[in-house]
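Trainee: My questions all concern the structure below.
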Amino acid sequence: MKYAPVQNYINGTFVNSGSQRTLDVISPLDGNLLSKVPMSTAKDLDAALQAAKAAFVSWSRTPIKERVQVFFRYKTLLERDLKQLAELCSEENGKTFGESVAEIEKCIELTEFATSLPQLVTGEILEVSKGVECRTEHVPLGVVASIVPFNFPAMVPNWTIPNAIALGNCMILKPSEKVPLCCGKIAALLKEAGLPDGVLNIVHGDVEIVEAICDHPGIEAVSFVGSTKVAKIVYQRATQHYKRALALGGAKNHLMVLPDAIPGMTAQNVAASMSGCAGQRCMAASAMIGVGNVDSIIDKICEEARKIIPGENLGAVISKESKERIESYITEAEKQGAKILVDGRNANVKGKENGTYVGPTVIDYVTPNMSVAKEEIFGPVISIMRTNTVDEALAIENANPYGNAASVFTQNGGMARYIIDRASAGMIGVNVGVPVPREPFSFGGWNESKFGVGDITGKSSIEFWTKLKKSTTKWNPESGVNWMS
């Protein structure tokens, strides 16, 4: 075992869980044992809650311009330890080192946005009548929780930690049990940056802790990122207990390729979108709709896909079970009559035979009723459907239950606008394979890709992590009284 057993982080200290139940943390890169993670109990969660609740008294009263100083220092520490964090991220998740570097760089950008919050939450003040002022201010909620997935061990925690904490909340973080190591490093860096004990707490575990977070009366809000199936459960359970909840689910993102698309640029973008992070991201392109004759572009996509080599510029999928599930989708599509243009099944990396790799896979002549066309595969696989018109392509895109992202590749600005206006997705790209907004623009989909109001990052997150206090004041009785005062 390469690393010491994972511990919870409560009140500024790494501590053992009260549970004796653990899971192995396996590196997808080579199948080696990295650590063991505890399956904590509701009692462990309550200890974290009490620490957070005690810290909230002082932290919430600290002026926001002082709170964000922690994140100025944290940003510097992320830059200092970028390589170390990226290596850890790659080890536990399986993505390439370059992708892990990009993930930490995104953490830095997210933190940078949090440092700007004092300029964004100034509130409003207006003299509504002579001598009478009304004022609004953003007030923290209290103790909040963030439940994060395996596919971005560092970035998704940083979707919530900097903003929620800078806005005055104290947080309980529940990492994925598959990738618990980066979150421990994040906690250590925040302590080094001067974050007071108890403001951030980490409780590891599985479904028992997720349910306890949803049920605990001391937690005011819950954010979740994961599959749609679990997002629905978390959202329903948390709101049943009168909490705020924002739960992001899965996706089936469609790329619409028109005949006038630039072939080389389109092929590079499509291949990168479907294979980046081994396709394990909710913004990955997993379905392409070719409108009209796009055979030459599909040929170039296959050329680009064959340049993507497992173990070199393509990372591993998270587990053996994921590899088997992804490959079963490919096999099923083939049996149903789809044509496998590039086949990533049975991928092996020399010297890492126990790693869990799936090669890039391009499947053509897919029909909308096939599983590969409808379901989230979460692997480096793209399914190509064909239509004669843009409206037929939009009908396919809009019929899918998800709504994270959609993209169009074209040189026709009017047609791009037509698709932007009609695609049922929260994030749209034009000649962009992964249309993730940059800060301060927020991340969030529609339909069954998101449950709750608002988005999880950017300016929109302010409304989720705070409540609005309104005050009306009058100090000068000599100004008289009318119906407005």
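The values are calculated or read from the model by the stated rules, or taken from the named source; none is laboratory data. Everything quoted here is computed from the prediction, not taken from an experiment. Glycine also receives a Cβ, built like all others from the backbone with ideal geometry; neighbour counts cover every protein chain displayed.
Trainee: Mind checking which residues of region 20-46 are over 30 Å from Lys352 (Cα atoms), more than 27 Å from the chain's Cα centre (by Cα) and either among the β-branched types (Val, Ile, Thr) or modelled with pLDDT of 95 or more (or both)?
Mentor: Once the filter is applied, which keeps residues that are over 30 Å from Lys352 (Cα atoms), more than 27 Å from the chain's Cα centre (by Cα) and either among the β-branched types (Val, Ile, Thr) or modelled with pLDDT of 95 or more (or both), region 20-46 yields only Lys43.
Trainee: Just to verify a result, which residue in region 274-301, among those that are among the polar types (S, T, N, Q) and outside any helix (DSSP H, G or I), is farthest from Ser100 (Cα to Cα)?
Mentor: Asn293
Trainee: Something else now. With in the same structural domain as Thr41 (by TED's automatic domain parsing), under 23 Å from Gln50 (Cβ atoms) and part of a helix (DSSP H, G or I) as the only criterion, which of Val210, Val222 stands out?
Mentor: Answer to the check: Val210.
Trainee: Out of curiosity, is Lys185 within 16 Å of Asn201 (Cα to Cα) and surrounded by fewer than 24 Cβ atoms within 10 Å (Cβ to Cβ)?
Mentor: It is true that Lys185 is within 16 Å of Asn201 (Cα to Cα) and surrounded by fewer than 24 Cβ atoms within 10 Å (Cβ to Cβ).
Trainee: Another question, if that's okay. What's the total number of residues in region 310-345 that are in a strand (DSSP E or B) and in contact with a Cys (Cβ under 8 Å, 6 or more places away or on another chain)?
Mentor: 2
Trainee: If we keep just the residues of region 445-455 that are part of a loop (DSSP other than H, G, I, E, B) and on the phi > 0 side of the Ramachandran plot, which is surrounded by the fewest Cβ atoms within 10 Å (Cβ to Cβ)?
Mentor: Gly454
Trainee: Another question, then. Just to check your reading of the model, which residue among Ala238, Ala231, Ala188 is at negative phi, touching a Cys at 6+ places or on another chain (Cβ under 6 Å) and modelled with pLDDT of 95 or more?
Mentor: Just one listed residue meets the conditions, Ala238.
Trainee: Is it the case, given these coordinates, that Pro153 is surrounded by fewer than 24 Cβ atoms within 10 Å (Cβ to Cβ) and either of a type in the set (A, V, I, L, M) or not in a helix (DSSP H, G or I) (or both)?
Mentor: no
Trainee: Specify which of the listed residues (Gly198, Gly194, Gly205) is surrounded by fewer than 19 Cβ atoms within 10 Å (Cβ to Cβ) and touching a helix residue (DSSP H, G or I) at 6+ places or on another chain (Cβ under 8 Å).
Mentor: Gly194
Trainee: Do you know which residues across region 1-59 are within 30 Å of Gly311 (Cβ to Cβ), among the hydrophobic types (A, V, I, L, M, F, W, C) and surrounded by fewer than 22 Cβ atoms within 10 Å (Cβ to Cβ)?
Mentor: Met1, Ala4, Leu23, Ile26, Leu33, Leu34
Trainee: Report, by residue number, each residue of region 225-246 that is outside any helix (DSSP H, G or I) and among the aromatic types (Phe, Trp, Tyr).
Mentor: Within region 225-246, just Tyr242 meets the criteria.
Trainee: When you check Lys252 against the structure, is it under 17 Å from Asp364 (Cα atoms), basic (Lys, Arg) and in contact with a Gly (Cβ under 8 Å, 6 or more places away or on another chain), yes or no?
Mentor: Against the criterion (under 17 Å from Asp364 (Cα atoms), basic (Lys, Arg) and in contact with a Gly (Cβ under 8 Å, 6 or more places away or on another chain)), Lys252 does not qualify.
Trainee: Here are Phe97, Phe150, Phe71: which of them is under 30 Å from Lys467 (Cβ atoms) and modelled with pLDDT of 95 or more?
Mentor: It is Phe71.
Trainee: Let me ask something else about it. Before we move on, is Asn348 assigned to a loop (DSSP other than H, G, I, E, B), at pLDDT below 95, closer than 16 Å to Lys95 by Cα and over 27 Å from the mean Cα position of the chain (by Cα)?
Mentor: Against the criterion (assigned to a loop (DSSP other than H, G, I, E, B), at pLDDT below 95, closer than 16 Å to Lys95 by Cα and over 27 Å from the mean Cα position of the chain (by Cα)), Asn348 qualifies.
Trainee: Among the residues of region 108-131, is there at least one that is assigned to a strand (DSSP E or B), touching a residue at least 40 places away in the same chain (Cβ under 8 Å), more than 30 Å from Val317 (Cβ to Cβ) and of a type outside the set (Lys, Arg)?
Mentor: Looking through region 108-131, at least one residue is assigned to a strand (DSSP E or B), touching a residue at least 40 places away in the same chain (Cβ under 8 Å), more than 30 Å from Val317 (Cβ to Cβ) and of a type outside the set (Lys, Arg).
Trainee: Among the listed residues Thr62, Thr76, which satisfies the condition of being more than 20 Å from the chain's Cα centre (by Cα), assigned to a loop (DSSP other than H, G, I, E, B) and within 26 Å of Cys170 (Cα to Cα)?
Mentor: Every option except Thr62 fails the conditions.
Trainee: Does Arg306 satisfy the condition of being buried (at least 16 other Cβ atoms within 10 Å of the Cβ) and modelled with pLDDT of 95 or more?
Mentor: no
Trainee: For region 114-143, which residues satisfy the criterion of being more than 18 Å from Lys459 (Cα to Cα) and crowded, with 18+ Cβ neighbours inside 10 Å?
Mentor: Val132, Val143
Trainee: Still on this structure, I have one more. Taking region 456-470 only, how many residues are at pLDDT 95 or above and assigned to a helix (DSSP H, G or I)?
Mentor: Total satisfying the criteria: 5.
Trainee: Here's a follow-up. Any chance region 419-438 includes a residue that's in contact with a Cys (Cβ under 7 Å, 6 or more places away or on another chain), outside the structural domain of Leu167 (by TED's automatic domain parsing) and among the polar types (S, T, N, Q)?
Mentor: No, there is no match, as no residue in region 419-438 is in contact with a Cys (Cβ under 7 Å, 6 or more places away or on another chain), outside the structural domain of Leu167 (by TED's automatic domain parsing) and among the polar types (S, T, N, Q).
Trainee: OK, next. Please determine, by comparing only the residues of region 339-356 that are touching a helix residue (DSSP H, G or I) at 6+ places or on another chain (Cβ under 7 Å) and surrounded by 20 or more Cβ atoms within 10 Å (Cβ to Cβ), which one is nearest to Asn313 (Cα to Cα).
Mentor: The extreme case among them is Thr356.
Trainee: Do we have Ala271 as assigned to a helix (DSSP H, G or I) and crowded, with 23+ Cβ neighbours inside 10 Å here?
Mentor: yes
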